[in-house]
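Here's the structure, in C-alpha cells; my notes come after.
The values are calculated or read from the model by the stated rules, or taken from the named source; none is laboratory data. These numbers were taken from a predicted model, which means no experiment stands behind them. All Cβ positions, even for glycine, are placed from backbone atoms using ideal geometry, and neighbour counts span all protein chains on display. These area figures cover heavy atoms from the full protein model, side chains too; ligands, DNA and RNA do not enter into them. Shrake-Rupley method; radii C 1.70, N 1.55, O 1.52, S 1.80 Å.
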Amino acid sequence: MKQLLRQQLVCYRLQLKVITTSWFDGALAVFFPLMFATATLLIYGVRDDPEAMQFAGLGAAIMGMWTCQGVIASSLLTRERWAGTLELVVAAPTSMGRVLVPTTLALSTIGLYTVVATILWERWVFGLELRIESWPLFVTSVLASALTLAQFGFFLAVTAVRYRASWSLGAALEYPGWLLCGFVIPVATLPDWLHPLSWSIPTTWAMEAVRESAGGGSPWRDLLVCLVLGSAYAVLASFLGRQLVDSARRHATLALT
Amino acid sequence: MTAVEARDLRRTFRTRTGVLRRTATEVEAVRGVSFDIQRGELFGLLGPNGAGKTTTIKMLITLLLPTSGTARVLGHDVVADVREVRRRIGYVFGGDRGLYERLSALDNLRYFSELYGVPPREQKARIGELLEMVGLTGRERERVEGFSRGMRQRLHIARGLLHDPEVLFLDEPSIGIDPVGARELRATIASLIDVGKTVLLTTHYMFEADELCDRIAVIRAGEIVAEGTPGDLKRLVTVGSVVEIETYGVGEAAVADLGAITGVQSVAVEERGQMQVLILHCARDAEVTQAALSRLDGVRVGRVGTREPTLEDAYVELVSRT
Ligand SMILES: Nc1ncnc2c1ncn2[C@@H]1O[C@H](COP(=O)(O)OP(=O)(O)OP(=O)(O)O)[C@@H](O)[C@H]1O
Ligand SMILES: [Mg+2]
C-alpha cells in the first residue's frame, strides 16, 4: 500500500513536470482558457444581467479544466507511442492504470490552476466578482471536479487510442462538452434526448455542485453522483486498458517501428 | 537450468496497403524459431535487416503475442505468466527513442524505478551506481532532450538494469556509441555474465558478437540457419583459411588465373591506395600460397599473409547462401 502510494506520487510529480515543461501544453493550459472565458463573458455581457454573468463566470472557470484534460488525455498514449516509451511502460510489471491515473491527476492539477487563473482574469479584466456563498463547499466541489475529471480522463486515454487519430477525437470532444456539461448554457435548455448524455458525464454533476455551493445551496447530492460516476469510469477504464494492451500485443501496435 | 526456451515460435504481421482499395498483405516475420539459452550464458542472435530478430525478442519479452509456438523465460510462459516474466527481465533497444525528453536523466531513471518496482530504499544507491557505470555521472540533472545519441543509449542501458533483472534482452545496444564507449559497453555486458546474468544480444558488429557471445544463432528470413559457438560457426563454413596478398599493379588476367588454382574458392580485389590486396578464400587444408605467388610472377608483391576466417566471413557466407 505504501509502495503504491509512493509510486503514484512519484509518477504524478514527474508527469506534472513533463506537462508543465512542454510548450504546446503550457500554452493550451495558460492562454486558451482565458480566451474562452473572454469570449463567453463578452457574449453574456451584452445582456447586462448579473445572474447570467455569474452563470457564465462559473462555467468558464470549470471549462478550462475540461479542455485541458480532454485534449491532452485523449492523446496521452499516442504521445507515449511516438516517444517510444509506451513499450517500456507496457513491459513494466505495473498495470497501465497505475501509470495513467497519476498522469491524468497531473492534468487535473493544471486544470485547477486554470480555474484560479480564470477567476482572477474575470475579476481583473471584466470586474466580475463571483458571488460565492460558501467557500469551503465551493472549494470541495472544485476539487471533486478535478478528481472526477482525472478519472474520466483515464477513460478517455484508453478509449481514444483505439483510433489512430486520437488527438482529433480529443479536440472533437472539447466543444460538445462545453454544451453537454452545462458550462455555458443550462443543461435543461438542451433537447431532451441529449439529457442522458449530459448526465453520463461526471463533469456535468461537478459543474452543478459548483453552482449550488456558490449559490448557497447544498452540493452534496451532485457531489455524490459525480464521485460514483467518476469511479465507475475509472473501473471501466482499467478493464478496457487491459483489453487494449492485449489487443496491442496481438496486433503489434505498441511501437511505431 | 534453462533461462530462455523458445519452441517453434512464429509470428505473422498483417499490414494494409492502399487507401481506397485496401488489400491486406501478410508478412511471416518469424517462421518456426527454436532455441535454448542456459543460465549465465551470453547468446547472440545475428541476422540481416528484417530477419526477425526484434520480432523474436518482442515475443520473449511479452510485447508481442506469438502467432503460434511457445516460449518460457526462467520457466514462466510468456503468454500465460506475463507478470512473472516481466519482473525478471530487462529490455534495452538501440536508438534514441524511449525516453522522456522533458525530464532529466535522473528523473527518467526515478520514473522507471517506480514502474519496475525497485524498492524505494534501494533506488538512490542503485541509480547512482548505474549512472557511474554508464558514465553519465555529473550530467544526470540535464534534460534528455539535450543528450547526444550515445548518451541516450547509455541511459537506456542504465534503465534496463534498474531492477537488477536476471535475464537481459539487448537489441542492438551498441548502435550509435563511439568506439571507446562501445568497448566499455562490451566490458559491461561481459561483467553482467560474470555476476550470473543471462543475456540475449543482437548486433550487426561481428567482432562484438565474436568477442562476447558464448553461443550464436544466425537467423535469416525468419528461420535459424546456423547455431553454435563462434568457433563452430567459423568451422561450419567451407572457407578453410583466407590468404591476403598485397600487390602493386596486378592485371585482371592474373586475378582470373589465381581463381583457377585448385583449392581457391574465390578471389576478391580490394583497392588500398597504390596497392591492390588480393583476398583468396581457400578450401580447408588447401595450400595455395606457393602456387599463387608463382602465377604472380612479374607482378610486384608486398606482404603475404594467411589468416583464419573471421566470424564476419562465416556470417556473410551463411546469410548469402541460397
Ligand atoms: N509491427 C509490424 N507490422 C508489420 N510488419 C512488421 C512489424 N514489425 C516487423 N515487421 C516485419 O517483420 C520483419 C522482421 O522485422 P524485425 O524488426 O524483427 O527485423 P530485425 O531482424 O530486427 O531487423 P533489423 O536488423 O533491421 O533490426 C520485417 O519484414 C518487418 O517489416
Ligand atoms: Mg531489429
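Quick notes on this structure:
- Using the average count of surrounding beta-carbon atoms within 10 Å as a protection proxy, the listed peptides B:242-254, A:54-66 rank, highest first, as A:54-66, B:242-254.
- For the pair region A:174-196 / region B:3-73, the C-alpha centres are spaced 50 Å from each other.
- Using Cβ point charges alone (K and R +1, D and E -1), the dipole size of chain B about the Cα centre works out to roughly 1420 debye.
- Residues of region A:220-257 with amide N under 13 Å of the 7 Å Cα→Cβ point at residue B:13: A:251-257
- Debye equation applied to the C-alpha atoms of region B:219-322, log10 I(q)/I(0) at 0.13, 0.23, 0.24 Å⁻¹: -0.51, -1.18, -1.25
- Annotation for residue A:135 and residue B:188: the two label points, set 7 Å from Cα along the Cα-Cβ direction, are 5.4 nm apart.
- Residue-normalised convex hull volume from the C-alpha trace of the protein assembly as shown: 210 Å³ per residue.
- For region B:2-230, accessible area per residue (1.4 Å probe, heavy atoms of protein chains only), Å²: 42 Å²
- Sorting the segments A:142-152, B:29-39, B:118-128 by their mean number of nearby beta carbons within 10 angstrom, highest to lowest, gives A:142-152, B:29-39, B:118-128.
- For the segment B:87-93, counting C-beta atoms of other chains within 10 Å of every residue's C-beta and taking the mean gives 2.
- Estimated D of region B:2-230 in µm² per second, where Rh is the Kirkwood radius over Cα pairs and Stokes-Einstein applies at 20 °C, 1.002 mPa s: 117 µm²/s
- Anisotropy class of region B:146-215 from Cα gyration tensor, a/c 1.5 cut: oblate
- Given R0 = 41 Å, the distance between the Cβ atoms of residue B:235 and residue A:247 translates into a calculated FRET efficiency of 0.35.
- 10 Å Cβ neighbours from other chains, averaged over peptide A:82-90: 6
- Take each peptide in B:279-290, A:77-88, count the other Cβ atoms within 10 Å of every residue, and average; sorted highest first, the result is A:77-88, B:279-290.
- The aspartates and glutamates whose alpha-carbon is closer than 17 Å to the alpha-carbon of residue A:17, local same-chain residues fewer than 8 away aside, are A:25, A:80, B:101, B:107, B:114, B:140, B:142, B:145.
- Net charge dipole size for chain A [Lys, Arg +1 and Asp, Glu -1 on Cβ; Debye, nearest 20]: 1180 debye
- Taking both sides together, the accessible area buried where B meets A is about 3100 Å² for a 1.4 Å probe.
- Prolate/oblate/rounded label for region B:1-132 (Cα gyration tensor, a/c 1.5): oblate
- DSSP beta bridges confined to chain B are antiparallel in about 75 percent of cases.
- Region A:184-257: relative contact order in percent, alpha carbon pairs under 8 Å with at least 6 residues between: 21 percent
- Ordered by solvent-accessible area of protein heavy atoms (1.4 Å probe), largest first, the residues B:320, A:134, A:75 come out as B:320, A:134, A:75.
- For the peptide B:56-62, the mean number of other protein chain Cβ atoms found within 10 angstrom of a residue's Cβ is 2.
- Cα gyration tensor shape of region A:105-150, rounded if a/c is under 1.5, else prolate or oblate by comparing a/b with b/c: oblate
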